[in-house]
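Chemist: Take this structure, written in structure tokens, and hold onto it; I'll ask about it next.
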Amino acid sequence: QVQVVESGGGLVQPGGSLRLSCAASGSIFSINAMGWYRQAPGKQRELVARITSGGNTNYADSVKGRFTISRANAKNTVYLQMNSLKPEDTAVYYCNAVLSTTSLYTLEYWGQGTQVTVSS
């Protein structure tokens with residue numbers, strides 16, 4: 001009943017920018033946090049950025065100062081603004097939502113992923 005869908009990936013040149021979007025929908029009681037993870041071929045999935053319902057954020061050291069995570073006000077939507085992109089940012093980016101479908105349980109849901117390729 002819950003869906004997490006991300007979009008906005010694509011091909012961009014080094015130094016360019018992309019903006020990813022993620023929307024959670026369905027039978028959602030509350031959302032604790034939403035964030036972005038990425039996984040490159042042969043690499044471990046890593047946290048990129050995360051934002052809590054209270055607005056607190058954290059970033060991977062590798063993207064700090066270049067990427068910004070934000071929320072749509074009163075919406076189950078988050079964005080990842082990616083600037084000064086580098087080839088090493090190339091990966092599949094996944095949206096993660098920590099949410100409750102009832103007042104009793106909190107679970108993690110994942111989007112299908114969107115490909116980001118940084119290449120000249």
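Chemist: Give me the pairs, please: first residue somewhere in segment 93-109 and under 14 Å from GLN1 (Cα atoms), second residue anywhere and hydrophobic (A, V, I, L, M, F, W, C) and assigned to a loop (DSSP other than H, G, I, E, B), beta-carbon distance under 6 Å, and either six or more positions apart or on two chains.
Modeler: Listed by first residue and then by second, the contacts come to LEU99/ILE28; SER100/PHE29; THR101/PHE29; THR102/PHE29; TYR109/VAL2.
Chemist: Also, I was wondering about something else. Within segment 35-86, work out how many residues are under 23 Å from SER100 (Cα atoms) and polar (S, T, N, Q).
Modeler: 9
Chemist: Then there's this: Restricting attention to segment 53-72, which residues are farther than 14 Å from SER84 by Cβ, outside any strand (DSSP E or B) and not charged (D, E, K, R)?
Modeler: Within segment 53-72, SER53, GLY54, GLY55, ASN56, ALA60, ALA72 qualify.
Chemist: Of all residues in segment 29-58 being free of Cβ contacts under 8 Å to residues at least 60 places away in the same chain, of a type outside the set (S, T, N, Q) and more than 16 Å from TYR94 (Cβ to Cβ), which is least open to solvent (accessible area, probe 1.4 Å)?
Modeler: GLY55
Chemist: So if I check each of SER70, SER84, which one is open to solvent by 30 Å² or more (accessible area, probe 1.4 Å), modelled with pLDDT of 95 or more, under 18 Å from SER119 (Cα atoms) and of a type in the set (Ser, Thr, Tyr)?
Modeler: Only one candidate qualifies: SER84.
Chemist: Now, a different point. Being buried (at least 17 other Cβ atoms within 10 Å of the Cβ), within 17 Å of ARG38 (Cα to Cα) and among the hydrophobic types (A, V, I, L, M, F, W, C) is the filter here; which residues of segment 93-115 pass it?
Modeler: Those that are buried (at least 17 other Cβ atoms within 10 Å of the Cβ), within 17 Å of ARG38 (Cα to Cα) and among the hydrophobic types (A, V, I, L, M, F, W, C): CYS95, ALA97, VAL98.
Chemist: Tell me, please, whether a residue that is surrounded by fewer than 15 Cβ atoms within 10 Å (Cβ to Cβ), at pLDDT 95 or above and among the aliphatic types (A, V, I, L, M) can be found in segment 10-28.
Modeler: Within segment 10-28, one or more residues are surrounded by fewer than 15 Cβ atoms within 10 Å (Cβ to Cβ), at pLDDT 95 or above and among the aliphatic types (A, V, I, L, M).
The values are calculated or read from the model by the stated rules, or taken from the named source; none is laboratory data. Keep in mind it's a predicted model, so treat the numbers as computed, not measured. Neighbour counts are summed over all protein chains in view; Cβ atoms, including those assigned to glycine, are modelled from backbone coordinates with ideal geometry. Areas reflect the complete protein model, heavy atoms only, side chains present, ligands, DNA and RNA absent. Shrake-Rupley method; radii C 1.70, N 1.55, O 1.52, S 1.80 Å.
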